[in-house]
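Scroll down for the structure; my scribbles are underneath it.
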Amino acid sequence: PSGAVSEAGDCDDADPAYNPGATEDDCTDPNDYNCDGSVGWADGDGDGYAACEDCDDADNDSHPGAIEACDGEDNDCNGEVDDGAADATTWYADTDGDNYGDASAATTSCDTPADHVLDDSDCDDTDATAYPGATELCDTVDNDCDGTVDEDDAADASTWYADADGDGYGDATGGTDACDGPSGYVADA
């Protein structure tokens, strides 16, 4: 009869793309065009991505577009391991080696980059004597990072004595510590 053939085997007679002679050369297409009961498409880990596109078809956390994590694997299938990982740590450059980093020199990475630390509180990353909690010295540097230079309690502050009469000799009974001699004070007691 008209519209009929003597050969059977078409698995979808309403669509001309399906027939026993059709080719299946797209591994991302899950349709059985040649009606043989199998397809080129496979998804071994059940993540919804064809094995031919998935960089690890045995791991459903790894597929194109996955969120990269610090796990030593290429989760997003871009050919790079742990790049731009969501759980990467922020590290700060420590160029002076005092174990305190520069807040303006941050980088994120899964592993500690060379010369980087977790602490970002260094007030002068070019001077190893300047960091939070350092001993303040009379050296025109804010050694302890408190915002004040050469405080009166500096470890090497001198003792100065009041010289009320201006003769260059101070009163031994009352001294004050300071990096620089206050007005009206002398070093000689």
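The values are calculated or read from the model by the stated rules, or taken from the named source; none is laboratory data. This one's a predicted model, so the numbers in the text were calculated from it and none came from an experiment. Every residue, glycine as well, gets a Cβ built from its backbone with ideal geometry; the counts of neighbours run over all protein chains shown. Accessible surface areas use protein heavy atoms only, side chains included; no ligands, DNA or RNA. Shrake-Rupley method; radii C 1.70, N 1.55, O 1.52, S 1.80 Å.
Residue count for region 164-189 under the criterion of being part of a loop (DSSP other than H, G, I, E, B) and in contact (Cβ under 8 Å) with a residue 24 or more places away in the chain: the result is 5. Checking region 105-123 against the condition returns no match, with no residue being of a type in the set (S, T, N, Q) and under 30 Å from residue 188 (Cβ atoms).
Checking each residue in region 150-175 for being exposed (fewer than 15 other Cβ atoms within 10 Å of the Cβ) and either under 28 Å from residue 129 (Cα atoms) or of a type in the set (Ser, Thr, Tyr) (or both) picks out 153, 155, 156, 159, 169, 173.
Can you name every residue in region 96-115 that is in contact (Cβ under 8 Å) with a residue 24 or more places away in the chain, of a type outside the set (Gly, Ala, Ser) and open to solvent by less than 50 Å² (accessible area, probe 1.4 Å)? Matches in region 96-115: 96, 98, 110. Scanning region 25-76 for residues that are polar (S, T, N, Q) and more than 27 Å from residue 10 (Cα to Cα) returns 60, 62, 75. Would you confirm whether any residue within region 128-141 is out of contact with any Lys or Arg (no Cβ under 9 Å at 6 or more places or on another chain), open to solvent by less than 50 Å² (accessible area, probe 1.4 Å) and β-branched (Val, Ile, Thr)? For region 128-141, residues out of contact with any Lys or Arg (no Cβ under 9 Å at 6 or more places or on another chain), open to solvent by less than 50 Å² (accessible area, probe 1.4 Å) and β-branched (Val, Ile, Thr): present. Select from region 1-54 the residues that are closer than 30 Å to residue 76 by Cβ, more than 37 Å from the chain's Cα centre (by Cα) and surrounded by fewer than 12 Cβ atoms within 10 Å (Cβ to Cβ) and write down the one among them that is modelled with the highest pLDDT. Of everything passing the filter in region 1-54, 25 is modelled with the highest pLDDT.
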